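Visitor: Attaching a single structure in structure tokens format; questions to follow.
Bear in mind these aren't lab numbers, they're just calculated from the coordinates by the rules spelled out. All values derive from a computational prediction rather than experimental measurement. Cβ sites come from the backbone with ideal geometry, for glycine too, and all protein chains shown count toward neighbours.
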Amino acid sequence: MSEKPIYSFVVPAYNEEKNIPNLYKRIKSLATKLNKNWELIFINDGSTDSTFFVLNDLCKKDKNVKFINLSRNFGHQAALSAGLKYASGDAIISMDCDLQDPPEVIEEMINKWHENFHIVYARRTNFRKDNLIKKLGSKFYYRFLGKFTKIDIPRNVGDFRLVDKEVLAQINSMPEHSRYIRGMVAWTGFSHAFVDYKRPDRTQGKSAYTFGKLAALGMDGMFNFSVIPLRLGFLMGVISIISGFLLLLYQISDVILTGAYYHLYKWLIVILFIFMGFLFMLMWIIGEYIGKIYDEVRDRPLYIINEKKNFDEDINVK
Ligand code: UDP
Ligand code: MG
């Protein structure tokens, strides 16, 4: 058996037959330069092209290359989770297969890791060249997410990052099923740094992230990290009840002061407003309970300890 790797590169691949040889070449030359043990873990996420065979051959040629084959397409986040589960290095670098995450940036990330940062994000500085909807969508989305969640999920970072093995252990210990990994990494709260880079366009194959998949990922980010949408019911309830009461007050004073006559349906509408408000409130209360159930079911650790002193068994995360 080969020795334990220092660096693990984790790469989900979905229909990437054309990109794999290039990526391998560049990672290999980087690893040679780093001159430490390394592993390159590919996860074949149910590709329909020859990705499987390309990876199979590569594994035979180079024992540093490892390969996990999923039974079907489970999606990027699931594939990445599978790879992270099996990564055994001290620094784990996750990246895309399409060379949009240039391996050359990794050197800088590793330098930051040597400066004792637990998490190093690669942050893109250029704008997305995608269509306008994706671009605007991502802009508003992150603004929204920042307001609605208590943790700070960094902007302009994807899943190109380095984490050390402490952070990785935490991620792997989270049993939740809908996974928004960049959120989970940020949630751990370990010290982090950024490396800026210009993200090139995809050269081969095509993006598997359709608008639908992107929207689904966005929803996961939103709902996995915030129960605030559930509180919408409270706001609607308050508005409905207050406007109902104001209308009622207006009608009553109109009747008393000017002797105006209101049809029955007008009274009913006003009362309906008030009742609807209570219904919304009720939905909010149910929502709060569902939020609590969600929290319990997700079963994240209550806290993460960074350091402990003067106990019998001191743990000290670097
Ligand atoms: N990917 C995957 N499963 C999927 C979709 C994508 O494993 O269902 C991989 C893909 O091979 C690539 C990475 O996830 O390595 C990012 O995908 P893509 O380049 O399509 O996303 P984009 O760069 O457009 O956000
Ligand atoms: Mg891409």
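Visitor: Report yes if ASP62 is more than 26 Å from GLU166 (Cβ to Cβ) and within 16 Å of ligand 2 (Cβ to nearest atom), otherwise no.
Guide: No.
Visitor: Listed residues VAL157, VAL163; which is free of Cβ contacts under 8 Å to residues at least 40 places away in the same chain and under 21 Å from ILE304 (Cβ atoms)?
Guide: None of the other options fit; the residue is VAL157.
Visitor: Only one of LEU40, LEU58, LEU34, LEU70 is in contact (Cβ under 8 Å) with a residue 40 or more places away in the chain and not aromatic (Phe, Trp, Tyr); which?
Guide: Values: LEU40 fails: in contact (Cβ under 8 Å) with a residue 40 or more places away in the chain; LEU58 fails: in contact (Cβ under 8 Å) with a residue 40 or more places away in the chain; LEU70 fails: in contact (Cβ under 8 Å) with a residue 40 or more places away in the chain.
On inspection, the qualifying residue turns out to be LEU34.
Visitor: With respect to PHE194, determine if the residue is among the aromatic types (Phe, Trp, Tyr) and assigned to a strand (DSSP E or B).
Guide: Working: among the aromatic types (Phe, Trp, Tyr): yes; assigned to a strand (DSSP E or B): yes.
For PHE194, the condition - among the aromatic types (Phe, Trp, Tyr) and assigned to a strand (DSSP E or B) - is met.
Visitor: State all residues of the range 285-312 that are among the hydroxyl-bearing types (Ser, Thr, Tyr) and surrounded by 12 or more Cβ atoms within 10 Å (Cβ to Cβ); if no residue qualifies, say none.
Guide: As a first pass, look at the range 285-312 and keep what is among the hydroxyl-bearing types (Ser, Thr, Tyr): 289, 294, 303.
TYR294, the sole residue that qualifies.
Visitor: If you go through the range 145-152 one residue at a time, do you hit one that is more than 30 Å from ARG231 (Cβ to Cβ), free of Cβ contacts under 8 Å to residues at least 24 places away in the same chain, surrounded by fewer than 18 Cβ atoms within 10 Å (Cβ to Cβ) and out of contact with any Ser or Thr (no Cβ under 7 Å at 6 or more places or on another chain)? Show your work before the answer.
Guide: Step one: of the range 145-152, the residues more than 30 Å from ARG231 (Cβ to Cβ) are none.
For the range 145-152, residues more than 30 Å from ARG231 (Cβ to Cβ), free of Cβ contacts under 8 Å to residues at least 24 places away in the same chain, surrounded by fewer than 18 Cβ atoms within 10 Å (Cβ to Cβ) and out of contact with any Ser or Thr (no Cβ under 7 Å at 6 or more places or on another chain): absent.
Visitor: Let me spell it out: the conditions are (1) within 16 Å of ligand 2 (Cβ to nearest atom); (2) in contact with a Leu (Cβ under 7 Å, 6 or more places away or on another chain); (3) within 18 Å of VAL10 (Cβ to Cβ), and THR203 meets all of them except one. Which number is the exception?
Guide: (3)
Visitor: Only one of (1) among the aromatic types (Phe, Trp, Tyr); (2) loosely packed, with under 15 Cβ neighbours inside 10 Å; (3) farther than 30 Å from HIS114 by Cα fails for TYR86. Which number is that?
Guide: So TYR86 meets the others, but not (3).
Visitor: Could you list, in sequence order, the residues of the range 72-125 that are within 16 Å of ligand 2 (Cβ to nearest atom) and at positive phi?
Guide: Once the filter is applied, which keeps residues that are within 16 Å of ligand 2 (Cβ to nearest atom) and at positive phi, the range 72-125 yields GLY75, LEU99.
Visitor: Now for a separate question. Among the residues of the range 54-101, which ones are among the charged types (D, E, K, R) and within 11 Å of ligand 1 (Cβ to nearest atom)?
Guide: So the first thing to find is which residues in the range 54-101 are among the charged types (D, E, K, R), and the list is 57, 60-63, 66, 72, 85, 90, 96, 98, 101.
Selection gives ARG72, ASP96, ASP98, ASP101.
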